[in-house]
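The values are calculated or read from the model by the stated rules, or taken from the named source; none is laboratory data. Every value quoted in this text rests on a predicted model; they were computed, and no experiment measured them. All Cβ positions, glycine included, derive from the backbone under ideal geometry; neighbour counts span all protein chains shown.
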Amino acid sequence: MVAHFVYILKCGDGTLYTGYARDPQKRLQEHREGKKGAKYTRGRGPLELVWQESYDTREEAMGREYEIKQMSRETKMALIEGLQADQGGREKGRLYLCATPIGNLEDITLRVLRVLKEVDLIAAEDTRHTRKLLTHFDIHTPLTSYHQHNEAAKSNRLVEDLLAGKQVALVSDAGMPGISDPGYYLIRAALEAGIEVIPLPGPSAALTALVVSGLSTDRFAFEGFLPGKKKERQLRLSRLAEEDRTIIFYEAPHRLTACLSDLAAAWGERQAAVVRELTKIHEEAVRGPLSRVLAHFQENPPKGEFVIVVEGAGEDVQKKQEAWEGVSLEEHLRKVMATGLTKKEAIKEVASQRGLSKREVYKLAVELD
Ligand code: SAM
């Protein structure tokens, strides 16, 4: 069911503004950006969402909004503070972001176990899935669903709980919430409402795959899932062509070979590692040039969960440069021109062979003239 909210914003100068909205977080943002309703809050200093209450119908919510608008400032303050007093004088609740195992249950941290026991409510991507985890660890905290299809409405309800003093933990089916999983919307909403957000580190497939890949860990980029449609995927890959950091992708088993084949077509012989079923019985890593890794999975149909880690363009370029070490650029240019290419064509060819920009080679060619 869609919720209807009455909310109170507090301006930096102390003014309280009461309103009705379907999404108080969005409305808060609109006020901040000087959009809808902002004439009442504009120029009054930084805004904070200090109170909200949800109703099942628009009429109920608007009736309550009218009631609150009639109240004196003191009564409104009492309402805001009263909420905290109702909760035994507790302050606002905290939102705990809890990482959970990506396979092996032993990977849960002691701190996550304690927090999952202590909080008032656990917001989970799939309550049935998380119930199994909780049962395993003899935890009986109430669960509520928070997934990609109810993220916006549910975030508002959860912020309401947090403002009312409830302690809430967020978990996803596996790994770190918010990483290719629901979380971002609630985290933003909680921060906007001035709620403390506390991350509890733990497993995540991306970093786990990166360290075992054998590829450079100095600098890396996380790309999550590539688009499912071939055209969009190829476009994304062409935009990433110059990325010189190690790149991490998540991929579903039924799309793995299609994705690897696009990767191989785009980036030729770059080194890669396809890591599967991390922390589980069938954990495995297939390493080698993209074409070889692709051939492996064409012969062995992919099963389980996969992370693809690919060497960045920088290393590719470095290798090209190393291959021409000892041959001066002048000599290189002359050799290529001797094959019958024009100077312009030779500059392009040398740049490509050495992994340099055309401008760099051109500058040198001019100096040689
Ligand atoms: N939030 C999670 C994290 O922090 O890793 C990721 C969730 S995302 C919906 C699921 C994807 O993560 C899978 O499709 C796969 O690419 C990767 N993944 C999750 N668990 C994995 C595992 N045990 N082994 C390999 N990849 C895994």
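Of the residues Gly214, Gly312, Gly224, only one is of a type in the set (Gly, Ala, Ser) and touching an Asp or Glu at 6+ places or on another chain (Cβ under 8 Å); which? Reasoning before the result, please.
Values: Gly214 fails: touching an Asp or Glu at 6+ places or on another chain (Cβ under 8 Å); Gly224 fails: touching an Asp or Glu at 6+ places or on another chain (Cβ under 8 Å).
Only one candidate passes the filter, namely Gly312.
Taking region 209-220 as the range and being surrounded by fewer than 13 Cβ atoms within 10 Å (Cβ to Cβ) and within 16 Å of the ligand (Cβ to nearest atom) as the test, only Val211 passes. For region 131-183, the set of residues classified as free of Cβ contacts under 8 Å to residues at least 60 places away in the same chain and assigned to a strand (DSSP E or B) consists of Leu143, Thr144, Ser145, listed by residue number.
When residues in region 88-130 are screened for being assigned to a loop (DSSP other than H, G, I, E, B) and away from the ligand (no atom under 16 Å from the Cβ), 8 of them pass.
For region 313-322, the criterion of being without any contact (Cβ under 8 Å) to a residue 40 or more places away in the chain and within 16 Å of the ligand (Cβ to nearest atom) is met by none of the residues. Take the conditions surrounded by 18 or more Cβ atoms within 10 Å (Cβ to Cβ), in contact (Cβ under 8 Å) with a residue 24 or more places away in the chain, farther than 19 Å from Val197 by Cα and out of contact with any Ser or Thr (no Cβ under 6 Å at 6 or more places or on another chain) and apply them to Pro101. Does it pass? Here the answer is yes, as Pro101 does meet what is asked.
If you filter region 248-281 down to residues that are out of contact with any Ser or Thr (no Cβ under 8 Å at 6 or more places or on another chain) and in contact (Cβ under 8 Å) with a residue 60 or more places away in the chain, you find that the one that is nearest to Pro227 (Cα to Cα) is Phe249. Can you find, within region 187-204, the residue that is farthest from the ligand (Cβ to nearest atom) among those that are modelled with pLDDT of 95 or more and within 13 Å of the chain's Cα centre (by Cα)? Filtering region 187-204 for residues that are modelled with pLDDT of 95 or more and within 13 Å of the chain's Cα centre (by Cα), the one farthest from the ligand (Cβ to nearest atom) comes out as Ile187. Scanning region 193-200 turns up no residue that is surrounded by fewer than 20 Cβ atoms within 10 Å (Cβ to Cβ) and either among the polar types (S, T, N, Q) or in a helix (DSSP H, G or I) (or both). For Tyr7, the criteria (1) more than 18 Å from Leu186 (Cα to Cα); (2) modelled with pLDDT of 90 or more; (3) more than 28 Å from the chain's Cα centre (by Cα) hold in every case but one, which is (1).
Selection over region 2-20 of residues that are touching a His at 6+ places or on another chain (Cβ under 8 Å) and of a type outside the set (Phe, Trp, Tyr) gives a count of 1. Given the structure, is Glu223 more than 10 Å from the ligand (Cβ to nearest atom) and touching a Phe, Trp or Tyr at 6+ places or on another chain (Cβ under 9 Å)? Criteria met by Glu223.
Screening region 264-302 for residues that are polar (S, T, N, Q) and not in a helix (DSSP H, G or I) and picking the one that is nearest to the ligand (Cβ to nearest atom) gives Thr279.
Looking at Tyr184, is it of a type in the set (Phe, Trp, Tyr), under 27 Å from Arg128 (Cβ atoms), buried (at least 18 other Cβ atoms within 10 Å of the Cβ) and within 12 Å of the ligand (Cβ to nearest atom)? Before you say what the answer is, go through the steps one by one.
Numbers: of a type in the set (Phe, Trp, Tyr): yes; under 27 Å from Arg128 (Cβ atoms): yes; buried (at least 18 other Cβ atoms within 10 Å of the Cβ): no; within 12 Å of the ligand (Cβ to nearest atom): yes.
No: the conditions fail for Tyr184.
Restricted to region 232-244, and to residues that are of a type in the set (Lys, Arg) and surrounded by fewer than 17 Cβ atoms within 10 Å (Cβ to Cβ), which residue is nearest to the ligand (Cβ to nearest atom)? Within region 232-244, the match that is nearest to the ligand (Cβ to nearest atom) is Arg236.
Quick one: in region 41-83, which of the residues that are among the aromatic types (Phe, Trp, Tyr) and under 26 Å from Tyr185 (Cα atoms) is surrounded by the most Cβ atoms within 10 Å (Cβ to Cβ)? Result: Trp51.
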